[in-house]
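I have placed the structure first, in the form of C-alpha cells, so that the comments after it can refer back to it.
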Amino acid sequence: MRKLFYIPFYYMDWLGSDARARLSRSQRWAFLELVMLAHLENGLPNDPTFLARKLGIESAADPDLKAALQEFEKQPDGRLHHPRAMAVLEDREKKSNAENARWRPKQDDDDMGF
C-alpha cells in the first residue's frame with residue numbers, strides 16, 4: 001500500500017467509537033500514536049518492547065500500551081493492524097488508483113489511429 005503524507009481522521013467516528021469509550025485519556029494517546037505508526041509503516045511489528053521505545057514508554061508492560069495494543073489485530077503477515085484504519089486506507093487507495101487511471105493512456109490511444 002502506498003504511503004500517504006496525511007492520515008484521514010474522521011473525528012465524529014472517533015468521538016463515538018467504542019475504542020475511545022474503553023480507553024483512558026493516556027491510553028487514547030498511545031492508541032492514536034500507534035495508529036499513526038501503523039499508517040506510516042503499513043502495520044506494526046508484533047513487538048511490544050520495540051513499540052514502547054517508539055512511543056517513549058519505559059516498559060512494554062505499561063498498562064496504557066497494553067490497552068492500546070488490544071485494539072489492534074494480528075494479520076497473516078504477522079503485523080498488527082487496526083481494522084477501521086485499514087479500511088480507511090484501502091478505500092483511499094482505491095480512490096487514488098481510480099483517479100490516476102483517468103490520466104493513463106489507453107492501449108488503443110498509443111497507435112494514434114494509424
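The values are calculated or read from the model by the stated rules, or taken from the named source; none is laboratory data. Since we're looking at a predicted model, the values are computed, not measured. Reconstructed Cβ throughout: ideal geometry from the backbone, glycine too, with neighbour counts over all protein chains shown. Just so you know, the surface numbers come from the protein's heavy atoms only, side chains and all, with ligands and any DNA or RNA stripped out. Shrake-Rupley method; radii C 1.70, N 1.55, O 1.52, S 1.80 Å.
The selection criterion, being on the phi < 0 side of the Ramachandran plot, at pLDDT 95 or above and in contact with a helix residue (DSSP H, G or I) (Cβ under 6 Å, 6 or more places away or on another chain), does not hold for Leu69.
What about Met12, is it modelled with pLDDT under 95, farther than 26 Å from Asp77 by Cβ and open to solvent by 60 Å² or more (accessible area, probe 1.4 Å)? Yes, satisfied. Residue count for the range 63-84, restricted to those that are under 17 Å from Phe31 (Cβ atoms) and either assigned to a helix (DSSP H, G or I) or open to solvent by 60 Å² or more (accessible area, probe 1.4 Å) (or both): 13.
Here Glu73 clears all of (1) over 17 Å from the mean Cα position of the chain (by Cα); (2) within 23 Å of Asp18 (Cα to Cα) except the condition numbered (1). Number of residues in the range 33-49 that are open to solvent by 70 Å² or more (accessible area, probe 1.4 Å) and modelled with pLDDT of 95 or more equals 2.
State which residue is nearest to the chain's Cα centre (by Cα) when the search covers only the range 49-70 and only residues that are of a type outside the set (Lys, Arg) and over 17 Å from Leu32 (Cβ atoms). My answer is Phe50. The set of residues from the range 15-32 being surrounded by 14 or more Cβ atoms within 10 Å (Cβ to Cβ), part of a helix (DSSP H, G or I) and within 18 Å of the chain's Cα centre (by Cα) comprises Ala19, Arg20, Gln27, Arg28, Trp29, Ala30, Phe31, Leu32. Residue check: is Gly78 over 13 Å from the mean Cα position of the chain (by Cα), modelled with pLDDT under 95 and not aromatic (Phe, Trp, Tyr)? For Gly78, the condition - over 13 Å from the mean Cα position of the chain (by Cα), modelled with pLDDT under 95 and not aromatic (Phe, Trp, Tyr) - is met. From the list Ala60, Ala101, Ala87, the lone residue that is at pLDDT below 75 and surrounded by fewer than 17 Cβ atoms within 10 Å (Cβ to Cβ) is Ala101.
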